[in-house]
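Heads up: the structure comes next, in structure tokens.
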Amino acid sequence: PSPMNLSSEAVGSGSMPSPNPGGPSPGGFSWIGGRLMDKNTHLYQQMLTIRSFESLLLEKFSTGIFTGTTHTSLGQEANAVGVLSHIHENDVVVSNHRCHGHFLAYGGDPRALFAELMGKPEGVCGGVGGSQHLHWRNFYSSGVQGGTVPMAAGMALAEKKKGDQAVVIDFMGDGTLGEGIVYESLNMIALWDLPILIVLENNHIAQTTPADIAIAGSITQRFEAFGIPVTHIDSSDVLEISPLAGDLIHCVRGESMPQALVIDTARLGTHSKGDDTRPQETVENLWQERDPITIHGARLPEIILNNIRTDIERRIKVAFNEALQGGA
Amino acid sequence: PSPMNLSSEAVGSGSMPSPNPGGPSPGGFSWIGGRLMDKNTHLYQQMLTIRSFESLLLEKFSTGIFTGTTHTSLGQEANAVGVLSHIHENDVVVSNHRCHGHFLAYGGDPRALFAELMGKPEGVCGGVGGSQHLHWRNFYSSGVQGGTVPMAAGMALAEKKKGDQAVVIDFMGDGTLGEGIVYESLNMIALWDLPILIVLENNHIAQTTPADIAIAGSITQRFEAFGIPVTHIDSSDVLEISPLAGDLIHCVRGESMPQALVIDTARLGTHSKGDDTRPQETVENLWQERDPITIHGARLPEIILNNIRTDIERRIKVAFNEALQGGA
Amino acid sequence: MTDKSSSTVLSSLNLGLRQSLQDDPKVILLGEDILDPYGGSFKVTRGLSSQFPERVMTTPISEAGITGIAGGLALRGFHPVVEIMFGDFTTLIVDQVVNHLAKFTAMYHEQTSAPVVIRTPMGGRRGYGPTHSQTLEKLFLGVPGLRVLAPFHLQGEDKIGSPGKLLYNAVTQGESPTLFVENKMKYLLKLLSESDLTEYRVTNHGGSAKSDFPFYELRLKGAPAAGVTLAAYGYMAKLAMDAMHQIAYQHEIFCELLVPTQLAPFEIDPLLASVRRTSRLLTIEEGTLSLGWGAEVLARTSEALGADLKAARRVAAKETVVPAAPNLEAEVLPGVGDIIQHVKEMV
Amino acid sequence: MTDKSSSTVLSSLNLGLRQSLQDDPKVILLGEDILDPYGGSFKVTRGLSSQFPERVMTTPISEAGITGIAGGLALRGFHPVVEIMFGDFTTLIVDQVVNHLAKFTAMYHEQTSAPVVIRTPMGGRRGYGPTHSQTLEKLFLGVPGLRVLAPFHLQGEDKIGSPGKLLYNAVTQGESPTLFVENKMKYLLKLLSESDLTEYRVTNHGGSAKSDFPFYELRLKGAPAAGVTLAAYGYMAKLAMDAMHQIAYQHEIFCELLVPTQLAPFEIDPLLASVRRTSRLLTIEEGTLSLGWGAEVLARTSEALGADLKAARRVAAKETVVPAAPNLEAEVLPGVGDIIQHVKEMV
Ligand SMILES: Cc1ncc(C[n+]2csc(CCOP(=O)(O)OP(=O)(O)O)c2C)c(N)n1
Ligand SMILES: Cc1ncc(C[n+]2csc(CCOP(=O)(O)OP(=O)(O)O)c2C)c(N)n1
Ligand SMILES: [Mg+2]
Ligand SMILES: [Mg+2]
């Protein structure tokens, strides 16, 4: 198995990375870059890859290398990694505007993503799509809230018709529950027993709008009302999220039926760039309490953490520099 | 108080009928056409007005007097009458394609409605709107499923802002739960505590599609999930529906908050014309068990029934003939 | 196919769908109330759910949702066909079409495509009123990445008949998201066979899409050089034929009638060739005037011909709702009389 | 108003809204993320929720729903203003606009109307990519019953400035459902005051809507008779001014620039008067070419002038998505260079 490409020296090697085929092996160990790595280390590494990528992105944004807009997933890395550590090669992942983390956890190439954000021909979509519009292998994202949910449902219908046991993972945000098309989709997903896991990343905010003035009633009931079983977890701990997601994906695949997973999480960064209207203190508290990197990092010895950090940061820098040297 | 105009000699008199201002008086009696009439008789009369209107409409359709399409409410008269017997003069009623019954129960003039269906200038909307697109006083209907639900919500917001204690009654069908905009509306209705009663007429079918292959999960939960209190009744008996609706409207008005009323009912006629795909036996059983005219009529002495029948049928014929003699 | 069932536009479309399902296992039909025995509001899918129960799916009343679902199916290899019960409700799928289906190919850097065919009946003249009688394809004719087709009622060479063949081609080609514009009045039209067309010379100028998506030119045989080019599609093409005939016999004005079946992307060359001969162009459509198909056709003709375009006009619906009352409706929608009057005023 | 805050299109619009709220108690603002301190994605509503907390309502992400709610408010006497965060998402409100708001008056036999003003920023040049950069007003320009406005960046006589005044008029008049098309690049433009316009002669040919919804004509003072009529609105009117200036000084070709603020219903007479003088028309818009504003303008000009229209062209976006990469985006969107090139080729 060759999990997340970043760890397998694929970066910069020019070879196409492949999506994570099932995540860590059953015993909790994976081969990473020629080393046997335990599951905890592996998950940490994956999350840190996203964090490092997006931190560098934000750091360099002001230099004008990147254009347009960008939505980072700071604080939500455990969702991307926890969920996508369970997917198989034929599975489909559908994401939204906040898609970098999902893309990287899917096995996407950081260099191709940097290049995309720089508007280079080497980018994931040749610079046409930009930050929100990625497609690579079975990964698709787009920037119109809710609009990709029926698309994800249709993909699940396709896989079901093909009978090939593939499942669809669809990420969406709490604010996107405002869009009517979400409910049209939930209804058909349930009616037709589509093999899809909807991952609702509830960071309690949409751009600047707190969930409590945008979402009436209950998020979980919105799935239940359509007969879609829903699991709710309030956690930024990848070790809590991952097994839950694993069970649900197993069920979606095995029973060919839908499941929803509502993850209460925290957005540690701004919505896109410089547009956070929450009190600084609130955000600082979230950093204290809800940073998945800190939470999971506490499980690893300092020396390993340092090694990983150095390693990943170097790889991300390499990816960045290689992207920068690309055409256009 | 001057309830349903049909009974007050307004038909054919040329005077504008006025909407039912609060239905029967508190003691359960109303003045009808100069006679003191008990509540039971009054409700029967109202339902029979709708039934007679639509029966004549269907009977005459084949003659080519009417054009376009039409959706009758045969079997659902108890909903229109039971709910709208409680509205006040400033209240707003929003309806859908199946709107004749709602319009008549609101106090609309059968002659003007016949004229509309004949495409005459004397019609409710001068013949422009036709069967599905009526507007008179505070009554509005339109033919795009779901599209009027946010409109109704906006009207409720308007009345709330005006602070004039008016409420909105919005009728919709079970099949219309397929439309996403319904949920966008429910969300804002709940968030903003809008004074609206949503009456979901669940006749278990949409055109030819049975509810069980079109609606996943639970209808009542679809309201609850948004925090809208919902009351469910399975009845075609106006005496069961009316008090329930009265209580809910009272609450909507008094508390300035939304309520939903799900009425399990039966469509005794075709969807529009000649397009009923249900087995004849099923429909016949429904006629046996769920005809609100029969159910409520059983409470009145035969002689009164006969009188009412003769009277109403005559009035409806007069309305029809007068409409027919109109221009264009 | 010589039985009666293949003799109207409706039966031809039905046959086209049936044949698509038969020949192409990737075809899936989605729509509201499309199952037998009902077979759809206008019966285009009649019989199909009985024959292909697994691949004909009736849906909730969720126009946007089913269009999106079809998009997902298409991205994953299927050739879905969506029926929108009334063309008026295509307003509900604009986001799915414009921002999703039609964008995927370019936005995802040519890596994929969503070849969904969306069929829908447009048009009035049935007294259905303002929300069930519109001709709204102009909302879609200028959408990059979307193909728009409208059938012509010819028997054609194929047993399916031209309308069905057009649909068959769009569905089974599986190349591009496509809006397939039907018309309520057109359904009932008898397909024109050779014997119906003995007075006409019919040429197909399909250009690059010739065989799959024809562009017809009709002239009256033996007529003198035409003075006006008429351009029309769908049901209006039938009214234009009637008008062309009448005006030739009653007013001795001769026209060439150009009938594209692919409205977008629009290959205008055959039409320009005609206008180069006539110097006069009348476009004919059932939708409201402003920013309609005729506007684009006139604009492109004017760009190409400059002062050589001596007279240009458009026949279209009045810019208001389509009333329910038949007499009011007739005032709003364009008819044969309007075409004749315009032609007479142009020469 | 002499302070800096009134000197850009953005601040003018903000002032226009503020003044509407102040003068007209029926005005209610609805939109996503429009509350302070954020004040909307493009800051047009900044400060308003603080000043009018009861009448500035932030909403869930429900474009269709809030448009419908605004419709209900309007039918019951209010003058709601809806902000759609990006013009790209107007695809989601097409049904509410086309089948509801814009239809009520005619469909309900002139008994009522739904005077909602829908404001939205269109346009690219910010690298936002395919779903956040479009110019989609063409979807709405041909909708019967709907008014479409686009501001011009003049200081005007009013302290609010022309863009704000245009918005104020639309909102407080409360007459008709209206799409008010803003532009992301335009927000930042400084309003042109008299001193910026000393080189130009600016005439307002507003026709019947003259005072409320002006139709400007700009010529370079002292220039010889113009050879080409340019027609543009919104941000493209600014680029057209730049082009007109350059082409006069560098190529000695002189143009008249016509800038309507009411795009629909479109009163074309001032433009026809100009083309009668020049015989040449170039329309300029940021949306994709087919069935755009320019198509309608060309069609109507061609209908009116026939062979007197010697040359007609359109500048518009290429018929594909708006790419995120700035260099690719610049290839797709029309710029000053495109305008100049077309003008040179026309004379
Ligand atoms: C249809 C649509 N409306 C509005 C937007 C603008 N927008 C982008 S992200 C966003 C907030 C989304 O919130 P949520 O779904 O909670 O996701 P989060 O940003 O919190 O990850 C909004 C309003 C959009 N992209 N699409
Ligand atoms: C948006 C939209 N889609 C489809 C239709 C066609 N249509 C008219 S009524 C109807 C069924 C409605 O079912 P339901 O809401 O249960 O109401 P009922 O007819 O049972 O009263 C359909 C599909 C429509 N009018 N509007
Ligand atoms: Mg969120
Ligand atoms: Mg029903």
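Do we find a residue being in a loop (DSSP other than H, G, I, E, B), more than 16 Å from ligand 4 (Cβ to nearest atom), within 11 Å of chain A (Cβ to nearest Cβ) and touching a strand residue (DSSP E or B) at 6+ places or on another chain (Cβ under 7 Å) anywhere in the range C:43-66?
no
Being within 16 Å of ligand 1 (Cβ to nearest atom) and hydrophobic (A, V, I, L, M, F, W, C) is the filter here; which residues of the range B:148-199 pass it?
Listed by number, the residues that qualify are B:ILE181, B:MET188, B:LEU191.
Does the range B:120-135 hold any residues that are free of Cβ contacts under 8 Å to residues at least 60 places away in the same chain and either within 16 Å of ligand 3 (Cβ to nearest atom) or surrounded by fewer than 24 Cβ atoms within 10 Å (Cβ to Cβ) (or both), and which are they?
Scanning the range B:120-135 gives B:GLY126, B:HIS135.
Taking the range A:180-205 as the search range and keeping residues that are outside any helix (DSSP H, G or I) and within 16 Å of ligand 3 (Cβ to nearest atom), which one is surrounded by the fewest Cβ atoms within 10 Å (Cβ to Cβ)?
It comes out as A:HIS204.
Can B:GLY143 be described as buried (at least 24 other Cβ atoms within 10 Å of the Cβ), within 16 Å of ligand 4 (Cβ to nearest atom) and more than 27 Å from B:SER235 (Cβ to Cβ)?
yes
Under the condition of being in contact with a strand residue (DSSP E or B) (Cβ under 7 Å, 6 or more places away or on another chain) and within 11 Å of another protein chain (Cβ to nearest Cβ), which residue from the range C:33-42 is farthest from C:ARG126 (Cα to Cα)?
C:LEU35
If you check C:LEU271, C:LEU305, C:LEU289, which single one turns out to be more than 14 Å from chain B (Cβ to nearest Cβ) and surrounded by 24 or more Cβ atoms within 10 Å (Cβ to Cβ)?
C:LEU271
Taking the range C:112-122, which residues are away from ligand 2 (no atom under 16 Å from the Cβ), touching a strand residue (DSSP E or B) at 6+ places or on another chain (Cβ under 8 Å) and not aliphatic (A, V, I, L, M)?
Matches in the range C:112-122: C:THR112, C:PRO115.
Read through the list (1) within 14 Å of chain B (Cβ to nearest Cβ); (2) surrounded by 24 or more Cβ atoms within 10 Å (Cβ to Cβ); (3) under 18 Å from the mean Cα position of the chain (by Cα); (4) not β-branched (Val, Ile, Thr), then give the number of the only condition that C:GLN96 fails.
(3)
Of all residues being in a loop (DSSP other than H, G, I, E, B) and among the aliphatic types (A, V, I, L, M) in the range B:47-105, which is farthest from B:GLU159 (Cα to Cα)? Just the residue, please.
B:ILE65
So A:GLN145 clears everything in (1) modelled with pLDDT under 95; (2) within 16 Å of ligand 1 (Cβ to nearest atom) except one condition, right? Which one?
Here A:GLN145 meets the rest and fails (1).
Of all residues in the range C:332-347, count the ones that are within 16 Å of C:THR288 (Cβ to Cβ) and more than 11 Å from chain B (Cβ to nearest Cβ).
4
Filter the range B:300-325 for residues that are more than 25 Å from B:ASN40 (Cβ to Cβ) and surrounded by 18 or more Cβ atoms within 10 Å (Cβ to Cβ) and give the result.
Passing the criteria: B:PHE320, B:GLU322, B:ALA323.
Being assigned to a helix (DSSP H, G or I) and within 16 Å of ligand 3 (Cβ to nearest atom) is the filter; apply it to the range A:156-179 and report the residue that is surrounded by the most Cβ atoms within 10 Å (Cβ to Cβ). Walk me through it before giving the result.
Initial filter on the range A:156-179 (assigned to a helix (DSSP H, G or I)): A:156-162, A:174-178.
Checking which are within 16 Å of ligand 3 (Cβ to nearest atom) leaves us with A:174-178.
On the way: A:ASP174: 23, A:GLY175: 25, A:THR176: 23, A:LEU177: 29, A:GLY178: 26.
So the residue we want is A:LEU177.
Output the residues belonging to the range B:294-322 that are among the hydrophobic types (A, V, I, L, M, F, W, C) and touching a residue at least 24 places away in the same chain (Cβ under 8 Å).
Residues of the range B:294-322 that are among the hydrophobic types (A, V, I, L, M, F, W, C), as a first pass: B:295, B:298, B:300, B:303-305, B:308, B:312, B:316, B:318-320.
Residues satisfying the conditions are B:ILE295, B:LEU300, B:ILE304, B:LEU305, B:ILE308, B:ILE312, B:ILE316, B:VAL318, B:ALA319, B:PHE320.
Yes or no, residue by residue, for (1) modelled with pLDDT of 95 or more; (2) touching a Gly at 6+ places or on another chain (Cβ under 8 Å); (3) of a type outside the set (Phe, Trp, Tyr); (4) surrounded by fewer than 24 Cβ atoms within 10 Å (Cβ to Cβ):
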| site | (1), (2), (3), (4) |
| --- | --- |
| C:LEU101 | yes, yes, yes, no |
| C:HIS109 | yes, yes, yes, yes |
| C:THR112 | yes, no, yes, yes |
| C:PRO115 | yes, yes, yes, no |
| C:ARG126 | yes, yes, yes, yes |
| C:HIS132 | yes, yes, yes, no |
| C:GLU137 | yes, yes, yes, no |
| C:GLY145 | yes, no, yes, yes |
| C:ALA150 | yes, yes, yes, no |
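Does the range B:51-67 include one or more residues that are crowded, with 24+ Cβ neighbours inside 10 Å and free of Cβ contacts under 8 Å to residues at least 60 places away in the same chain?
no
Just need a number here: residues in the range A:262-291 that are more than 15 Å from ligand 1 (Cβ to nearest atom) and within 21 Å of the chain's Cα centre (by Cα).
Here the count works out to 3.
Hey, does the range C:13-23 have a residue that's more than 16 Å from ligand 2 (Cβ to nearest atom) and assigned to a loop (DSSP other than H, G, I, E, B)?
No: zero hits.
Of (1) within 22 Å of D:HIS132 (Cα to Cα); (2) among the hydroxyl-bearing types (Ser, Thr, Tyr); (3) within 14 Å of ligand 2 (Cβ to nearest atom), C:TYR108 satisfies all except one. Which?
(3)
Yes or no: A:GLY297 surrounded by 15 or more Cβ atoms within 10 Å (Cβ to Cβ), under 14 Å from A:THR41 (Cα atoms), in contact with a Leu (Cβ under 8 Å, 6 or more places away or on another chain) and not β-branched (Val, Ile, Thr)?
Values: surrounded by 15 or more Cβ atoms within 10 Å (Cβ to Cβ): yes; under 14 Å from A:THR41 (Cα atoms): yes; in contact with a Leu (Cβ under 8 Å, 6 or more places away or on another chain): yes; not β-branched (Val, Ile, Thr): yes.
Yes.
Looking at the range B:143-153, can you tell me whether even one residue there is in contact with a Lys or Arg (Cβ under 9 Å, 6 or more places away or on another chain) and either farther than 27 Å from D:VAL56 by Cβ or more than 7 Å from every other protein chain (Cβ to nearest Cβ) (or both)?
No, every residue in the range B:143-153 fails to be in contact with a Lys or Arg (Cβ under 9 Å, 6 or more places away or on another chain) and either farther than 27 Å from D:VAL56 by Cβ or more than 7 Å from every other protein chain (Cβ to nearest Cβ) (or both).
Tell me, please, whether a residue that is within 16 Å of ligand 4 (Cβ to nearest atom), touching a residue at least 12 places away in the same chain (Cβ under 8 Å) and within 30 Å of C:ASP36 (Cα to Cα) can be found in the range B:191-199. First the steps, then the outcome.
Here is the first cut: in the range B:191-199, the residues within 16 Å of ligand 4 (Cβ to nearest atom) are B:198-199.
Imposing the further condition that a residue be touching a residue at least 12 places away in the same chain (Cβ under 8 Å) reduces the set to B:198-199.
Among the residues that remain, those that are also within 30 Å of C:ASP36 (Cα to Cα) are: none.
No, the range B:191-199 contains no residue that is within 16 Å of ligand 4 (Cβ to nearest atom), touching a residue at least 12 places away in the same chain (Cβ under 8 Å) and within 30 Å of C:ASP36 (Cα to Cα).
For the range D:72-100, name all the residues that are within 19 Å of B:VAL94 (Cβ to Cβ) and more than 16 Å from ligand 2 (Cβ to nearest atom).
Selection gives D:GLY72, D:LEU73, D:ALA74, D:LEU75, D:ARG76, D:GLY77, D:PHE78, D:PRO80.
Cβ-Cβ distance below 8 Å, separation of 6 or more or different chains: which pairs start in the range C:168-188 with a residue that is under 24 Å from C:LEU239 (Cβ atoms) and end on one that is in a strand (DSSP E or B) and polar (S, T, N, Q)?
Taking only residues 6 or more apart or on different chains, the pairs are C:LEU179/C:THR120; C:PHE180/C:THR120; C:VAL181/C:THR120; C:GLU182/C:THR120; C:TYR187/C:THR8; C:LEU188/C:THR8.
Can you tell me how many residues within the range C:159-213 are of a type in the set (Ser, Thr, Tyr) and surrounded by fewer than 17 Cβ atoms within 10 Å (Cβ to Cβ)?
6
For the range A:268-294, which positions are in contact with a helix residue (DSSP H, G or I) (Cβ under 8 Å, 6 or more places away or on another chain) and either of a type in the set (Asp, Glu) or within 15 Å of ligand 3 (Cβ to nearest atom) (or both)?
A:LEU268, A:GLY269, A:ASP276
The values are calculated or read from the model by the stated rules, or taken from the named source; none is laboratory data. This structure is a prediction, so every number in the text was calculated from the model and none was measured. Neighbour counts run over all protein chains shown; Cβ positions are idealised from the backbone, glycine included.
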